[in-house]
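Student: Structure provided below as structure tokens; questions to follow.
The values are calculated or read from the model by the stated rules, or taken from the named source; none is laboratory data. Note that this is a predicted model, so its numbers are computed, not measured. Heads up, the Cβs are rebuilt from the backbone with ideal geometry, glycines too, and the neighbour counts pull from every protein chain shown.
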Amino acid sequence: MPDIAAQRPAAGAPIESAWGAQVHDAVEGIQHGTVSITVSTGAVGTSVVTFPRPYAVKPNATAIAEIGISAKPSVAITGITATTLQLSISRGDGVASGNVTVHWIAIGTLA
């Protein structure tokens, strides 16, 4: 994490409340979760995630599928707002329908 204040606290020294508040706000802006998406053969599965706490503006986000590399997964964030994240996933291995667990993380300033 980059420095967010001019003076970081020294080991064993009291933490200045302004510095601690900045760190707290930065950490609080990280949200994550998992969603199970049903994918049919040759189709794209989608899901909309509503953030537990809304952001002030659109956050940065990423997602990854919990599936073997042989499945040739393609995960995309196809829409993101301050309150929601839309995920799309497809399988490139021709395997029949199934559920795929997708892990997501969003980082930003909370509303």
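Student: So which strands (runs of 3 or more DSSP E) are wholly in the range 29-111 and hold at least 3 residues that are more than 11 Å from the chain's Cα centre (by Cα)?
Tutor: Fully inside the range 29-111 and qualifying: 30-39, 45-50, 73-80, 84-91, 98-107.
Student: Please work out which residue is surrounded by the most Cβ atoms within 10 Å (Cβ to Cβ), limiting yourself to the range 68-106 and to residues that are over 16 Å from THR46 (Cα atoms), modelled with pLDDT under 95 and aliphatic (A, V, I, L, M).
Tutor: The selected residue is ALA71.
Student: What about ILE15, is it closer than 23 Å to ALA111 by Cβ, over 18 Å from the mean Cα position of the chain (by Cα) and either modelled with pLDDT under 65 or not hydrophobic (A, V, I, L, M, F, W, C) (or both)? Walk me through it before giving the result.
Tutor: On the way: closer than 23 Å to ALA111 by Cβ: no; over 18 Å from the mean Cα position of the chain (by Cα): yes; either modelled with pLDDT under 65 or not hydrophobic (A, V, I, L, M, F, W, C) (or both): yes.
Judged against the criteria, ILE15 is not a match.
Student: Okay, moving on. If you check every pair at least six apart or on different chains, which have Cβ atoms under 6 Å apart with a residue in the range 36-50 that is more than 25 Å from THR81 (Cβ to Cβ) first and a residue that is of a type in the set (S, T, N, Q) and assigned to a loop (DSSP other than H, G, I, E, B) second?
Tutor: Going by the 6 Å Cβ cut-off, the qualifying pairs are SER40/SER97.
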